[in-house]
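Encoded as structure tokens, the structure appears first; notes follow it.
The values are calculated or read from the model by the stated rules, or taken from the named source; none is laboratory data. What you see is a predicted model, and the numbers here were worked out from it, not measured in a lab. Here the Cβ positions follow ideal geometry from the backbone for every residue, glycine too, while neighbour counts run over all protein chains shown.
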Amino acid sequence: MTDPTPNHPPIVTETPVPQPIKADSSKPKRQTLRLWVLRIALGLTILSPLVFILAGLGAKIGLWSWQFGLGTLTREVGPLLLIITLVVGIIALLLALLMKPRKGIVVGVLAIIIPVLGFANLRATQAKVASLPFIHDVTTDTQDPPTFGAVIMAERDAMEGGSNAVDYSGKRAPTSQKDADGNPVMKLVSALQTQAYPEIRTLVLSEAPDVAFGRAEQVARDLGWAIKESDAASGRIEATDTTFWYGFKDDVSIRLRPAQGGGTRVDVRSISRVGGSDIGANAARIKSFLDGMAE
């Protein structure tokens, strides 16, 4: 008999082998990129304000000249670093927000805030400079200003590159106004000072000159000024005040004379050794001294 069942080969069913899911090879690269951007942002966040600090302190202790500290580091290198920090900070913040897991948001925010604050401070300083006269010599008596003796004059003459002239009479300074040729209009320093600092004027005390002299010397010392000359007979005190930033040295001359009807006339003059604009420092120095004497 013939087998009715067809002779077919057995059907074999193959079970597909599961393929491993390929990991996104670009993910570790993106995370590495974010890590390095955050590191750079953090470094710039620390470095950018540090440049401004070192610019002032380095000039003060003599690591470099005040021209390099103020002109190069503060006005050129510092702002450039702030711009770079801001750009890197924005990139770092975007990477921290868009990539998972979200890390480094604080660093990105700080890298943005520090430059913004830095530029705000620079802008405020520029606005202050623009609002004040471009002078560096201020006195309570513009008609007969106190003069300086041999000690301070010798120090000024010995400065490398020279120092600002101490002649007050006829001294002029540039203003924001322009003449027909586009050059700054020059005006008398005495007129500019009177307009900007009307409160800087001769102080009249009721006490005798010999009593006022001892107190004037003490007030000067309390303000941190280095006394260079002191002559009670002539009623003259000369001192130098060194600024914290950049170590600028400004000279001060204090003159005490008998006032009509009794008492003492106190006149003060403060002049910067270098620089064009003192940004109000000399006027503020004189006011601090007069306030101390008036107490």
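For the range 175-194, give me each residue that is among the hydroxyl-bearing types (S, T, Y) and farther than 21 Å from A284 by Cα.
Matches in the range 175-194: S176 only.
May I ask you to verify whether T240 is closer than 20 Å to G280 by Cβ, hydroxyl-bearing (S, T, Y), touching a Pro at 6+ places or on another chain (Cβ under 9 Å) and surrounded by 12 or more Cβ atoms within 10 Å (Cβ to Cβ)? Spell out the reasoning first.
Numbers: closer than 20 Å to G280 by Cβ: yes; hydroxyl-bearing (S, T, Y): yes; touching a Pro at 6+ places or on another chain (Cβ under 9 Å): no; surrounded by 12 or more Cβ atoms within 10 Å (Cβ to Cβ): yes.
For T240, the condition - closer than 20 Å to G280 by Cβ, hydroxyl-bearing (S, T, Y), touching a Pro at 6+ places or on another chain (Cβ under 9 Å) and surrounded by 12 or more Cβ atoms within 10 Å (Cβ to Cβ) - is not met.
Is there a residue being within 26 Å of S131 (Cα to Cα) and assigned to a loop (DSSP other than H, G, I, E, B) anywhere in the range 201-212?
Yes: the range 201-212 contains one or more residues that are within 26 Å of S131 (Cα to Cα) and assigned to a loop (DSSP other than H, G, I, E, B).
Pick from the range 158-175 the residues that are over 24 Å from the mean Cα position of the chain (by Cα), farther than 16 Å from D250 by Cα and not small (G, A, S): which of them is surrounded by the most Cβ atoms within 10 Å (Cβ to Cβ)?
Among those that are over 24 Å from the mean Cα position of the chain (by Cα), farther than 16 Å from D250 by Cα and not small (G, A, S), it is K171.
Can you pull out every residue in the range 122-141 that is among the charged types (D, E, K, R) and surrounded by fewer than 17 Cβ atoms within 10 Å (Cβ to Cβ)? Walk me through how you get there before you give the answer.
At the first step, the residues of the range 122-141 found to be among the charged types (D, E, K, R) are 123, 128, 137, 141.
Across the range 122-141, the qualifying residues are R123, K128.
So that you can scan it fast, the table gives a plain yes or no per residue for (1) closer than 20 Å to F248 by Cβ; (2) small (G, A, S); (3) in a helix (DSSP H, G or I); (4) in the same structural domain as I286 (by TED's automatic domain parsing):
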| position | (1), (2), (3), (4) |
| --- | --- |
| P145 | no, no, no, yes |
| F148 | yes, no, no, yes |
| R156 | yes, no, yes, yes |
| Q177 | no, no, no, no |
| M186 | no, no, no, no |
| Q193 | yes, no, yes, no |
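Take Q195 and decide whether it is closer than 19 Å to D267 by Cβ and surrounded by fewer than 19 Cβ atoms within 10 Å (Cβ to Cβ).
It is false that Q195 is closer than 19 Å to D267 by Cβ and surrounded by fewer than 19 Cβ atoms within 10 Å (Cβ to Cβ).
Any residue at all in the range 260-272 that's surrounded by fewer than 15 Cβ atoms within 10 Å (Cβ to Cβ) and free of Cβ contacts under 8 Å to residues at least 12 places away in the same chain? Working first, answer last.
Let us first name the residues in the range 260-272 that are surrounded by fewer than 15 Cβ atoms within 10 Å (Cβ to Cβ), namely 260-262.
From the residues that got through so far, the ones that are free of Cβ contacts under 8 Å to residues at least 12 places away in the same chain too are 260-261.
Yes, the conditions are met somewhere in the range 260-272.
Do we find a residue being under 23 Å from the mean Cα position of the chain (by Cα), of a type in the set (S, T, N, Q) and modelled with pLDDT of 85 or more anywhere in the range 33-47?
Yes: one or more hits.
Could you check how many residues of the range 230-286 are part of a strand (DSSP E or B) and of a type outside the set (A, V, I, L, M)? Before the answer, list the steps.
Residues of the range 230-286 part of a strand (DSSP E or B): 230-231, 236-242, 249-258, 264-272.
If we keep only those that are of a type outside the set (A, V, I, L, M) as well, we get 230-231, 236, 238, 240-242, 249-251, 253, 255, 257-258, 264-265, 267, 269-270, 272.
Qualifying residue count for the region: 20.
If only one of G58, G78, G89 is under 27 Å from T32 (Cβ atoms) and either outside any helix (DSSP H, G or I) or free of Cβ contacts under 8 Å to residues at least 60 places away in the same chain (or both), which one is it?
Being under 27 Å from T32 (Cβ atoms) and either outside any helix (DSSP H, G or I) or free of Cβ contacts under 8 Å to residues at least 60 places away in the same chain (or both) holds for just one of G58, G78, G89, which is G89.
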